[in-house]
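J.: Sharing a structure below in structure tokens format, with a few things to ask.
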Amino acid sequence: MSKFFGITRERVFSPGKVEDDSAILEAVAGRLRQAGHAVSVFHADEPEWPDPTGISLVFSMAQGAVALERMREWQARSIRIVNRPEAILNCQRHRTIAALTGAGVPFPESHLIDTSAGGALPEWIGGGAWVKRGDVHATEAGDVVRVDSVVAARAVLQRLHQRGIHSAVVQRHVGGTVLKFYAVRQRFFFCVTASSSWPLPASALERIAALGERAARALDVEVYGGDCVYDAQGGLCLIDLNDWPSYVSCRTQAAMEIATYLQAHKASTRW
């Protein structure tokens, strides 16, 4: 029997998804208990965390600075954590751009912008773009906004700055159908299409799975999901990769696969 800790995501990073995020973590914990392991689940928002001495593995959805610092301390004690603190940080947009571009992952043209600066913005904004906060993923509606002019982009940047968000990403809009996918490293892949009447060919699903895995390697994440665009010519472009999504569309199967992965990797330092 092994001992596992599960850590829920902070409420501020689960806008409208607190129950869904909690549900996948509890489902994974339930699978581990069914396999005969001891599992404790606690909330990242709790001021006092238990001591991890004797723990085989920590599985965490936490994203906040306090939680990540605590997990770094645990990792320094050779405690296995999925996803690792550094991997979670890599999924923040100010790191994602360089990592994915450097790995050759198809990704929209994107620029990291200081929200307080008044410098030049890309001329292609007029053809459609997105302004997104540059750190964590969306916590409210104003964190990701579609714009079609420099004036509109500057207004969004100003609002972000007024909220204390100092970096943003201006990302070129990519036309096509947006697809969501969910995965576990080398074990599981599930894709949500726009309509049940429009099934993707198996070859396209294989390419999307490979795209996600390539991006996951670049960001060092093990439990992940993302968004990509599938265009009329069959081209693929990754839009976002997230650490440990809620897996709402495939929770039962995902929980089983995540639990199996955690059991297999509890003693490893690298996957």
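J.: With an 8 Å Cα cut-off and a minimum separation of 6 or more residues, compute the relative contact order for region 203-242 in percent.
T.: Relative contact order, region 203-242: 37 percent.
J.: Just the number, please: Stokes-Einstein D of the chain in µm²/s, Kirkwood Rh from C-alpha pairs, 4 °C, 1.567 mPa s.
T.: Diffusion coefficient, whole number: 66 µm²/s.
J.: Set the Förster distance to 25 Å, then compute FRET efficiency between Gln34 and Val192 from the Cβ-Cβ distance, nearest 0.05.
T.: With R0 = 25 Å, the Cβ-Cβ based efficiency is 0.40.
J.: I would also like to ask the following. In whole Å, what three semi-axes, largest first, describe the equivalent ellipsoid of region 177-243 built from its Cα gyration tensor (square root of 5 times each eigenvalue)?
T.: They are 19, 12, 10 Å, listed largest first.
J.: Taking Cα atoms, how many degrees apart are the long axis of helix 251-265 and the longest axis of the chain, rounded to 10 and kept between 0 and 90?
T.: Between helix and principal axis, roughly 60 degrees.
J.: For region 1-156, state the average projected area of the convex hull of the C-alpha atoms over all orientations, rounded to one decimal in nm².
T.: 11.5
J.: In a Gaussian network model over the chain where Cα atoms closer than 10 Å are linked, find which of Gln75, Gln171, Gln34 has the largest mean-square fluctuation.
T.: Gln34
J.: Express the relative contact order of the chain as a whole percentage, based on alpha carbon pairs under 8 Å and six or more residues apart in sequence.
T.: This gives 21 percent for the chain.
J.: Here's another thing I want to ask about it. Mind pulling the per residue volume of the convex hull built on the Cα atoms of region 1-88? Å³ is fine.
T.: In region 1-88, the Cα hull volume divided by residue count equals 84 Å³.
J.: Find out how many positive minus negative residues lie around Gly104, taking Lys and Arg as positive, Asp and Glu as negative, among other residues whose Cβ is under 12 Å from that of Gly104.
T.: +2
J.: Moving to a separate point now. On a C-alpha basis, how far is the centre of region 1-73 from the centre of region 82-135 in Å? Whole number, if you could?
T.: Taking the Cα centre of each part, region 1-73 and region 82-135 sit 28 Å apart.
J.: Once you put a point 7 Å from the Cα of Arg214 and another 7 Å from the Cα of Ser116, both along the Cβ direction, what distance in nm separates them?
T.: Inter-label distance under the simple model: 3.8 nm.
J.: Would you mind computing, in nm to one decimal, how far apart the modelled labels at Glu86 and Arg11 are, each placed 7 Å from Cα along Cα→Cβ?
T.: Result for the modelled spin labels: 3.4 nm.
J.: Testing the spin-label approximation: label points 7 Å from Cα along Cα→Cβ at Ser149 and Arg95. State their distance in nm.
T.: 3.8
J.: Please work out the FRET efficiency for the pair Glu109 and Phe42, using the Cβ-Cβ distance as r and a Förster radius of 51 Å; give the result to the nearest 0.05.
T.: In this case the efficiency is close to 0.80.
J.: A follow-up question, please. Beyond 26 Å between alpha-carbons counts as too far, so tell me which of Lys17/Lys180; Lys132/Lys180; Lys17/Lys266 fall in that bin.
T.: Check vs 26 Å cut-off fails for Lys17/Lys266.
J.: Still on this structure: Using alpha-carbon pairs under 8 Å, 6+ residues apart, how would you state the relative contact order of region 177-243 in percent?
T.: Dividing the mean separation by the residue count of region 177-243 yields 35 percent.
J.: Per DSSP H run of n ≥ 4, the term is -39500 (n - 2.57); total these for the chain, divide by its residue number, and report the mean residue ellipticity at 222 nm rounded to 500 deg cm²/dmol.
T.: For the chain, the value works out to -10500 deg cm²/dmol.
J.: For the chain, modelled as a Gaussian network with Cα springs under 10 Å, which listed residue fluctuates most, Asp243, Asp114, Asp51?
T.: Asp51
J.: Sort 9-22, 83-96 by the packing proxy (mean of other Cβ within 10 Å over each peptide's residues), most packed first.
T.: The most tightly packed comes first, giving 83-96, 9-22.
J.: How long is the gain from Glu19 to Asp51 if the chain were fully straight, where each residue apart is worth 0.36 nm and the alpha carbon distance is subtracted?
T.: Between Glu19 and Asp51, full extension yields an extra 8.9 nm.
J.: Just Ala153, Ala29, Ala183 to compare: in a GNM of the chain, with alpha carbon springs under 10 Å, which one fluctuates most?
T.: Answer for the Gaussian network model of the chain: Ala153.
J.: While we're looking at this one, here's another question. Suppose every Lys and Arg Cβ carries +1 and every Asp and Glu Cβ carries -1, with no other charges. What dipole size does region 109-172 come out with about its Cα centre, to the nearest 20 debye?
T.: 120
J.: Is any residue of region 1-21 close enough, with backbone N under 20 Å, to a label point placed 7 angstrom from the Cα of Ala76 along the Cα-Cβ axis, and if so, which?
T.: No residues fall inside that zone.
Taken together, the values in this text are just the output of simple stated rules run on the coordinates, not laboratory data. Nothing here was measured: the structure is a model prediction, and the numbers come from that model. Cβ atoms come from the backbone with ideal geometry, glycine included; neighbour counts cover every protein chain shown.
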